[in-house]
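Trainee: There's a structure below that I have some questions on.
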Amino acid sequence: MQGSKQREHFSIQVLQICDAILVFLAFWIGDKLRPQLLSFLGESSNTNIGLNQISWLLFVVVPFTPIVLEISGFYRNMMRKTIMESIVQMLRTSAIIGVAVAVMVIFFQMSPSSRLVLVAGLLLSALLLLLRDAAVRRTLKRAAREDGGQRERVVLAGTSEDMQGLLAAMPHEVTDYWDVVEKFDLDVEDLGSLEQVMLENSVQRVIIASRDTVFFKISRVVELCEKQGIEAWVSAGFIRTQVSRPTFDNLGGKPMLVLRATPELSWALLIKGAMDRIGALLFIVCTAPLWLIAMLGIRIFSPGAPVFFCQDRAGKYGKPFKMWKFRTMVVDAEAKLAEVKEQMGNEMSGPVFKLENDPRVFPFARFLRKWSIDELPQMLNVLTGDMSLVGPRPLPVYEVKEFEKSEHRRRLSVKPGITCTWQAGGRNTITEWEDWVKMDLEYIDNWSLGLDIKIILMTVPAVLFSQGAK
C-alpha cells in the first residue's frame with residue numbers, strides 16, 4: 001500500500017468505496033431490524049416507512065462518510081495506529097455526520113420510525129467500519145512480519161552517508177513495507193554487480209539516495225532498472241528546499257521535477273472552490289436584510305456619495321482585481337491617507353496601514369465595521385472567483401509594491417480570502433507585519449479543508465464578540 005503515491009491513492013480509493021458500501025449495508029440491516037426494534041420499544045411497526053423514507057439521505061451519508069473519514073486521518077498510517085486512535089477518528093467523523101444528519105432530520109420532520117432506522121444505520125456503520133479497519137490493520141501487520149511476507153523487496157543505492165540519511169528521514173509507515181535486500185554503495189562497489197543483486201533478489205524497486213551522488217552514476221542505475229522493468233526512484237535530496245514539495249510531471253514529453261510551495265491541484269481544492277461559491281451565494285441570501293440596512297444607513301449618514309467602495313487589491317500571484325466593500329470612509333479618504341499617516345501614525349508595522357480610530361470613518365460606518373458588515377460585498381468577489389471564503393487577506397496594490405522582502409510575496413501564491421487565521425484568531429491584537437505574514441504562510445503550508453472549516457467556525461465568535469477588523 002506504500003509502493004508509490006499512485007498505488008497509495010488507489011488503495012485508499014478502494015477502501016473508500018468499500019466503506020461506502022459498508023455504510024449502505026449498515027442502513028439496509030438497520031431497516032431489516034426496524035420491526036424488532038420498534039417492538040422492543042413498544043411502538044407499532046409500519047412497513048410503509050423506514051429506509052424508503054430516507055433513501056434521499058443515503059445520497060448524502062454514503063458518499064460523504066468516506067470523505068470525512070479521510071479528513072479525520074482514518075486512512076493514514078493504518079498499520080501503526082492503535083485501536084483507540086481509530087475509535088477517536090471514528091467518533092470525530094460520526095459527530096460531524098451526525099450533526100449534519102440531525103439538521104436534516106429536524107428540517108424535513110422525519111417520522112420516528114425513519115429516525116430509528118437512521119440511528120441504527122449510523123451505529124452499525126461505525127461498528128462495521130471499525131471492524132473493517134481492524135481487519136486491514138491485522139492483514140498489513142501479518143504481511144510485514146519479519147519473515148518478509150508481502151513486503152516490497154528494495155535496493156538502496158548511493159553513498160553510505162546518503163543511504164543512512166534517507167532511512168533516518170523516512171517515517172515508519174513507509175519503511176514498514178520495505179524489505180531492504182541490499183545497500184549498494186555507488187562510491188565503492190562496481191555498477192556491474194548491482195544488476196546481479198537485482199536478479200538474485202527479485203528486486204521490485206531501486207531507491208537512489210542522490211544528495212552527493214554523481215549524476216552519471218544515477219543515469220547508469222536507472223538504465224539497469226529499465227532493462228529489467230524495475231522501478232527506479234531518485235531522491236531529490238540534492239535540491240535544498242524548505243517548504244516546496246517535489247513532484248514529477250511531464251511537459252512536452254520531457255520529464256520535469258516540479259517544486260510546489262502551494263497546495264497541489266486536488267479534489268480537496270475543487271471542493272474548496274465549490275464551497276466558496278455555494279457558501280457565498282447562501283450567505284448573500286441569508287444576510288440580505290443587513291445589505292439593505294447598510295445601504296440605507298450609508299445613504300442617510302453620508303449622502304451624495306456611492307454606497308459601495310471599490311479598490312484595486314492584489315489577488316493570486318499579485319494579479320490586481322476590484323474588491324468591493326460597503327463604503328465606511330468619507331469620499332476623499334484616499335487623498336487624506338498621507339495626512340492621516342503623518343498626524344496619527346500607523347498601528348501596524350511594515351507596509352500595511354491599520355488605525356483603529358481612523359478619522360476618515362464616519363459614525364454609522366463604525367457600526368458596520370464593528371460587526372464586519374462592511375465586508376459583505378466581498379461575497380460577490382467570491383462568486384466571481386477572485387477571492388475565497390478563507391485565505392490571506394487581499395492588500396491594496398500600492399501596499400504590495402512596498403513589500404521589503406521577496407518571501408512576503410508567497411502569501412500571494414494562493415487566492416485571497418474574506419477571513420484568515422489573522423482575523424479569526426488574532427484580529428486586532430496583532431500589530432507586527434512579520435507576525436501577520438507568518439500566520440498566512442503557516443496557513444498555506446498546512447492547508448486542508450478541515451483547516452478552512454475551523455477558521456470559518458473561529459471567525460463567527462470573533463465577529464459576534466465585536467472583535468471586528470480595523
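Trainee: Does segment 410-421 contain at least one residue that is assigned by TED's automatic domain parsing to the domain that holds Asp312 and surrounded by fewer than 16 Cβ atoms within 10 Å (Cβ to Cβ)?
Mentor: no
Trainee: Can you report the number of residues in segment 365-388 which are assigned to a loop (DSSP other than H, G, I, E, B) and among the polar types (S, T, N, Q)?
Mentor: 2
Trainee: When you go through Arg313, Arg411, Arg360, Arg366 one by one, which is the residue that is touching a helix residue (DSSP H, G or I) at 6+ places or on another chain (Cβ under 7 Å), among the basic types (Lys, Arg) and over 30 Å from Leu441 (Cα atoms)?
Mentor: Arg360
Trainee: Same structure, new question: Quick check on my filter: what residues within segment 370-394 are over 16 Å from Trp422 (Cα atoms), buried (at least 20 other Cβ atoms within 10 Å of the Cβ) and either free of Cβ contacts under 8 Å to residues at least 12 places away in the same chain or not polar (S, T, N, Q) (or both)?
Mentor: Passing the criteria: Ile373, Asp374, Leu376, Pro377, Met379, Val382, Asp386, Met387.
Trainee: Continuing with this model, one more query. Restricting to segment 84-100, and then to whatever is under 12 Å from Asp133 (Cβ atoms) and touching a helix residue (DSSP H, G or I) at 6+ places or on another chain (Cβ under 6 Å), can you tell me which residue is surrounded by the most Cβ atoms within 10 Å (Cβ to Cβ)?
Mentor: It comes out as Thr93.
Trainee: Among Val352, Val285, Val307, Val340, which is the only one that is touching a helix residue (DSSP H, G or I) at 6+ places or on another chain (Cβ under 8 Å), in the same structural domain as Ile453 (by TED's automatic domain parsing) and without any contact (Cβ under 8 Å) to a residue 24 or more places away in the chain?
Mentor: Val307
Trainee: Let me ask another. Are any of the residues in segment 80-91 of a type outside the set (Lys, Arg) and modelled with pLDDT under 85?
Mentor: There is at least one residue in segment 80-91 that is of a type outside the set (Lys, Arg) and modelled with pLDDT under 85.
Trainee: Within segment 310-337, track down each residue that is closer than 20 Å to Lys401 by Cβ, of a type in the set (A, V, I, L, M) and either assigned to a loop (DSSP other than H, G, I, E, B) or in contact (Cβ under 8 Å) with a residue 40 or more places away in the chain (or both).
Mentor: Result: Ala314, Met323, Ala333, Ala335.
The values are calculated or read from the model by the stated rules, or taken from the named source; none is laboratory data. Because the structure is a prediction, the values reported are computed rather than measured. A quick note on method: Cβ atoms are made from the backbone with ideal geometry, for glycine too, and the neighbour counts reach across all protein chains shown.
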